[in-house]
Every structure is written in C-alpha cells, then in structure tokens.
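Worksheet: one structure, shown below.
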Amino acid sequence: MTKYYTVGKIVNTHGIRGEVRVITVSDFKDKRYQPGNTLYFFASHQQAEGKPLTVASHRTHKQFDLLAFEGHHSINDVEQYKGGWLKIPEDEREPLPEGEYYFDQIIGCEVVTDTGQTLGTVETILTPGANDVWMVKSPGRKKEILIPYIEDVVKEVDVDQKRITIHVIEGLLDE
C-alpha cells in the first residue's frame, strides 16, 4: 500500500471558474503545483487511496495558493473538494540535505541524553523562527521538554531507529 504525504488542505472554492483555495504545508509548492503534475485528493486522512487530480494552473492570492485542475472548469466541479487534503505518494518526496528532516521523521522519536537517560518522545514540532523546537512528552513531568534543534543540543538523529541523542545544556530540563 502506498504511503501519502500532505502538501495542502483545500479550504474553499475561489470564483466560478473551478479554482480552489489551498493552505499549503509543503516547502516545495513551486514544484508540487506545476501544471501537469498529479496530486491526490483525500476527503479525510483515513481514506486509503486518493483521487488523482492534474494541476492545470497555480497562482497565489493573499495567503492562499489557488489551484485549478484539468477537467474542472466551474465551481460546481470543485465544490466537492472543500475540506479535503491534497497529497503526494512517498516516492515523490523531495530528498532533503543532510541534517534536515521531515516532521514525520522526527515526531515519535525517543529522545535520550548523551549520558543514557531517556527523556521521552517527540510529540510535535514548533517553528518559532531561527530554529525548530521539538516538544518532548516525558512521563512523570508536568510540562513538556522543549528541545531546540541546534548543534549544541542535538548530537545525533537516527530516523531508522526513531532515536535522537541530545546533550543537556544548562536550563534545558528545568521545570
């Protein structure tokens, strides 16, 4: 079974000529939304297979990406896609440079210190600015541990073993 990754959410239609408004969650939207490319529509994340849609055009408007699909020329043709997800199959994922990871590769990883102490599991990733921050849920702690993705802290990421080794700097584990 093919694994799919989300590139955007269709939040509404736009105009009467078959365009949809998309909130994009991909760093590679210029490649994903090129005319002629195929995206797969999923009404929900639980759906196993998506409906292929070929991009006819792409433009930006305010904070949205506006897409039109081949064979969909009116609002009536695209109304059914509102609230759904646009995805790509795993084999179309862009390879990342060394030291960069997709969120789904990091979320769920066990975090351990370089002294062997297990801290917990990465639950989510925040992107506040200069660097990402990994929120680690730790059993027995009231608050999550916030791990900045910086060289001084993150020493090793093994996505195959779902394990991250960090060096604890002063104040990192304070509650």
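The values are calculated or read from the model by the stated rules, or taken from the named source; none is laboratory data. Note that the coordinates shown come from a computational prediction; the quantities given were computed from them, not determined experimentally. For neighbour counting, all protein chains shown are included, and Cβ atoms are generated from backbone atoms with ideal geometry for every residue, glycine included. Accessible surface is based on the protein model in full, side chains and every heavy atom, while ligands, DNA and RNA are left aside. Shrake-Rupley method; radii C 1.70, N 1.55, O 1.52, S 1.80 Å.
Things to note:
- Calculation over all alpha carbon pairs of the chain in 5 angstrom steps from 0 returns a P(r) of 1, 8, 15, 17, 14, 11, 11, 10, 7, 4, 2, 1, 0 percent.
- Computed magnitude of the charge dipole of the chain (debye, nearest 20; Cβ of K, R +1, Cβ of D, E -1): 920 debye
- Legend: distances between Cα atoms for K3/K82; K82/K162; K87/K155; K51/K137; K82/K142; pairs beyond 29 Å are K82/K162; K87/K155; K51/K137; K82/K142.
- FRET E, pair Q117, R17, Förster distance 35 Å, beta-carbon r, rounded to 0.05: 0.05
- Inter-label distance for K162 and K51, nm, one decimal - labels placed 7 Å from Cα along Cα-to-Cβ: 3.3 nm
- Probe 1.4 Å, accessible area per residue of the chain, Å²: 60 Å²
- Share of carbon and sulfur in the accessible heavy-atom surface of region 23-175 [1.4 Å probe, %]: 47 percent
- Packing rank of 13-24, 31-42, where each peptide gets the mean count of other beta carbons within 10 Å, highest leading: 13-24, 31-42
- The amide H of V25, built 1.01 Å from its N in the peptide plane, has G8, K9 as neighbours under 5 Å, considering only residues 5 or more places off or on other chains.
- Dipole of the chain [Lys/Arg +1, Asp/Glu -1 at C-beta], most positive-end residue of T165, V7, T113: V7
- 10 Å beta-carbon shell around I164, net charge (K/R +1, D/E -1): 0
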